[in-house]
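Before any comments, here is the structure.
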Amino acid sequence: MKLVKMIATLASIGVIGSMAPAQAQELTGTLAKIKKSGSITLGVRDGSIPFSYLDDKQQYQGYSIDLCMKIVKSVQKELGMTEVKVVMNPVTAANRIPLMANGTIDLECGSTTNNLERQQQVAFAPTMFVIGNRLLSKKSSGIKGLANMKGKTLVATAGTTTLKQLTILNKEQNLGMNIVVGKDHPESFLMVETGRAVAEANDDILLASQRANAKNPGEYEISKEALSVEPYGIMLRKDDASFKKSVDAALTNLYKTDDIKRIYFKWFMSPIPPKGINMNFPMSPQMQVVFAKPTDSGDPAAYAAVPAAQKAASKKK
């Protein structure tokens, strides 16, 4: 009875009634936006196979989208919501950062390099993939590396770190390349396919995807020389500590389970829609380190060096 009287007294003076609003007020930034609107907006890509792309049914899917959906489910549970509507908002390499900064999208689920320069504008979730920048060309061209591109035409996609990197290397190494810009990854590959460019510079996994999807995959090769090693990360807004904590926790917990291996195998070691192609891109030692020790570092040095013990373990598998 004493407990009942106490509750009645607290209710009469408005203490209990004020508790719910106080809890609601604790939510800030993107978490508050999701709770209020009942939705979250994902920035997605049309042609970044197998990370984020449109299939033959005009549905967005891919490795990055699967990871983002895991984040959404985790946030939904954290907020105590029965449902969160997911809005897919197409973005490009050129506009993805501005659309994140101005609040149009809440998570960017594509193939975006996390580097120190971009961290001045946006934040990144723990690394989800590690790539090497390489060249794709027709075997008949004889291109084995950047040195073979002297005086030739190279294509890179607008808004990518690769374009910036190759522009600098072109000047530093006095290569005299004619660098042309593709509006997106499919257009960049088309320029090589049609002979408007001798080679395309891009992330190795994206080049592997383009080659696998080509009319005649055997006509193309990817250089063994890596121009750089870079981490991919899911973007979110800068200075939103509570949302970043939720996103980081969702991925870190996922990486501790076998589910991440299943997702990786699904997109990089199995036939994927719409053509049933297989990337045949085994998990690298760098990726094994990423899943074992998640980090949102944009410093390439954090991924370039792999402990000898990790390399040995990888060879045994």
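Rounded to the nearest Hz, the phi-derived 3J(HN,Hα) couplings of the stretch 30-35 under the Karplus curve 6.51 cos²θ - 1.76 cosθ + 1.60 (θ = phi - 60°) are 5, 4, 5, 4, 5, 4, where x marks glycine and proline. Dipole check for the stretch 61-218: with +1 at the C-beta of Lys and Arg, -1 at the C-beta of Asp and Glu, and the Cα centre as origin, the magnitude is about 560 Debye. The protection proxy used here, the mean number of other Cβ atoms lying within 10 Å of each residue, ranks peptides 103-112, 283-292, 212-221, 26-35 as follows, highest first: 103-112, 283-292, 26-35, 212-221.
So what is the relative contact order for the chain, in percent, with contacts set as C-alpha pairs under 8 Å and at least six apart? Relative contact order, the chain: 23 percent. Among beta bridges from DSSP that stay inside the stretch 131-286, the antiparallel ones total about 65%. Under a model in which nothing but the beta-carbon of Lys, Arg (+1) and Asp, Glu (-1) is charged, the stretch 166-207 shows a dipole of about 220 debye around its Cα centre. Full extension of the chain segment joining residue 26 with residue 138 gains 34.6 nm, where the gain is 0.36 nm per residue of separation less the Cα-Cα distance. Considering only 201, 229, 212, and ranking their Cα positions along the charge dipole of the stretch 183-232 that arises from unit charges at the beta-carbon of Lys, Arg, Asp and Glu, the one farthest toward the positive end is 212. Each helix, a run of at least 4 DSSP H residues, gives -39500 (n - 2.57); summed and divided by the residues of the chain, these come to -12000 deg cm²/dmol at 222 nm. Residues whose amide H comes within less than 5 Å of that of residue 129, counting only those at least five positions distant or on another chain, are 232 (H built at 1.01 Å from N in the peptide plane). Peptide packing for 201-208, 83-90 was compared via the average number of neighbouring C-beta atoms within 10 Å per residue; ordered from the highest value, the list is 201-208, 83-90. Per residue, the accessible area of the chain comes to 49 Å² when a 1.4 Å probe rolls over the protein heavy atoms. The value of relative contact order for the stretch 151-247, using C-alpha pairs under 8 Å at least six residues apart, is 27 percent.
Of the peptides 141-147, 228-234, the ranking by mean beta-carbon count within 10 Å, highest at the top, reads 228-234, 141-147.
The order of 265, 129 by accessible area, most exposed first and with a 1.4 Å probe, is 265, 129. Spin-label model, residue 190/residue 238: points 7 Å from Cα along the beta carbon direction are separated by 3.4 nm.
Once backbone amide H atoms are built at 1.01 Å from N, residue 238 has 123 as its partners under 5 Å, excluding neighbours fewer than 5 places away on the same chain. Residues 164, 150, 138, sorted by accessible area with the largest first, give 150, 164, 138 [1.4 Å probe; ligands and nucleic acids excluded]. Sorted largest first by accessible area at a 1.4 angstrom probe radius, with every protein chain in place, the residues 244, 293 fall in the order 293, 244.
Any idea how far the Cα center of the stretch 259-307 sits from the one of the stretch 172-199, in Å? Cα centroid of the stretch 259-307 versus Cα centroid of the stretch 172-199: 27 Å apart.
Across the stretch 79-93, computed HN-Hα scalar couplings (Karplus, 6.51 cos²θ - 1.76 cosθ + 1.60, θ = phi - 60°) run 7, x, 9, 7, 7, 10, 6, 9, 9, 9, 10, x, 10, 10, 4 Hz from first to last residue, x flagging Gly and Pro.
Evaluate the charge dipole of the chain about its Cα centre and quote only its size in Debye, nearest 20, assuming +1 on the Cβ of each Lys and Arg and -1 on the Cβ of each Asp and Glu. The calculation lands at about 560 debye. Apolar share of the accessible surface for the chain: 56 percent from carbon plus sulfur atoms, 1.4 Å probe.
The values are calculated or read from the model by the stated rules, or taken from the named source; none is laboratory data. The shown structure was predicted, so the numbers you read here are calculated from the model rather than taken from an experiment. Don't worry about glycine lacking a Cβ; one is built from the backbone with ideal geometry, like all the others, and counts go over all protein chains shown. Just so you know, the surface numbers come from the protein's heavy atoms only, side chains and all, with ligands and any DNA or RNA stripped out. Shrake-Rupley method; radii C 1.70, N 1.55, O 1.52, S 1.80 Å.
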